[in-house]
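Engineer: The structure is given below, and queries will be raised subsequently.
We did not get these values from a lab; they are worked out from the coordinates using the rules stated. Bear in mind that the values here come from a model prediction, so they are computed numbers and not experimental data. As a convention, Cβ positions derive from the backbone with ideal geometry for all residues, glycine included, and neighbour counts pool all protein chains shown.
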Amino acid sequence: MITELIALNYDLDRITNYFPVVGGIIVFAFIVRVYLLFKSSNKTKEKKPPRSSKNSRNRRLSRDSRGRDKHLIKEKPVDTSKFSLPLIQVLEWKRFEEFVAGYYRLFGYTAKTTRTGADGGVDVVLFKQGNPTPAIIVQCKSWSKNVGVKPVRELLGVMTADEIGWGIFATTSGFTEEAKIFAQGKNMTLMGGLDFLNEINKLQPQQTEWLLKLATQGDFITPTCPQCDVKMVARESKRGAHAGLSFWGCTHYPKCKHTFKLD
């Protein structure tokens, strides 16, 4: 009996001698497991796309080479080899002003654009050669809808206040009947897209070629921000009552919050 107890005690001593080794292996395995889990977690985080700022109210979308969203903008191909009504109608507001100024330069006027805004005030001032006094003021509207009588009446008010002898209202679209009737008998001319097209057809070929190049060089469709004088980008509203609606936004957002409706 005593011999068996001694043998049992000897076996227990041998087993307990292995405890530190086994414990070390277990601890090492645990550390390796934790390390592998941590490394795997970091790789997963790196694969996730960066989130947009929480303060951003709008989402900039994937854009084409002109900086415009392919999914939001539905453009029909426009022939730029010659003037046409569709070509005139797609000119963005600033390019339309430059086109109008260029057109009247062909008739000997000194033409100056007056500002960077898309609405309000006089857009082009025409001077006769050598005369510092404005001869004609021009209001430009790059609109898809016909111009009503109110803007035409406002132009007449500016002419009267500034004592300008003649005014021209230029638009890419046309005019309502009320606007046409109001302008009759007054020192003003209404020039719509078709009117420009008809007058351009009377120009000399070299004049038409020069004007066409002026109108179509570079990006003549994407609107320019009136405040920053840079091309705008297509955006989509994410929140509020207008969620899901597309619009033109300034590239300087949120510093500049100027927008245009995206037709």
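Engineer: How far apart, in nm, are two points set 7 Å out from the Cα along the Cα-to-Cβ line at PHE107 and at SER81?
Structural biologist: Going by the 7 Å Cα→Cβ label model, 3.0 nm.
Engineer: Under the rule a/c < 1.5 gives rounded, and otherwise a/b versus b/c splits prolate from oblate, where does the stretch 215-255 land using the Cα gyration tensor?
Structural biologist: Oblate, since a/c reaches 1.5 and b/c is not below a/b.
Engineer: I would also like to ask the following. My understanding is that a pair violates if its Cα-Cα distance is over 28 Å; which of LYS112/LYS145; LYS112/LYS238; LYS145/LYS231; LYS213/LYS238; LYS150/LYS255; LYS94/LYS255 do that in this structure?
Structural biologist: Table pairs above 28 Å Cα-Cα are LYS112/LYS238; LYS213/LYS238; LYS150/LYS255.
Engineer: Would you give the gap between the C-alpha center of the stretch 188-263 and the C-alpha center of the stretch 92-167, rounded to a whole Å?
Structural biologist: 17 Å
Engineer: Need one word for the stretch 178-235: rounded, prolate or oblate. Basis is the Cα gyration tensor (sqrt eigenvalues a ≥ b ≥ c); a/c below 1.5 gives rounded, then a/b vs b/c decides.
Structural biologist: oblate
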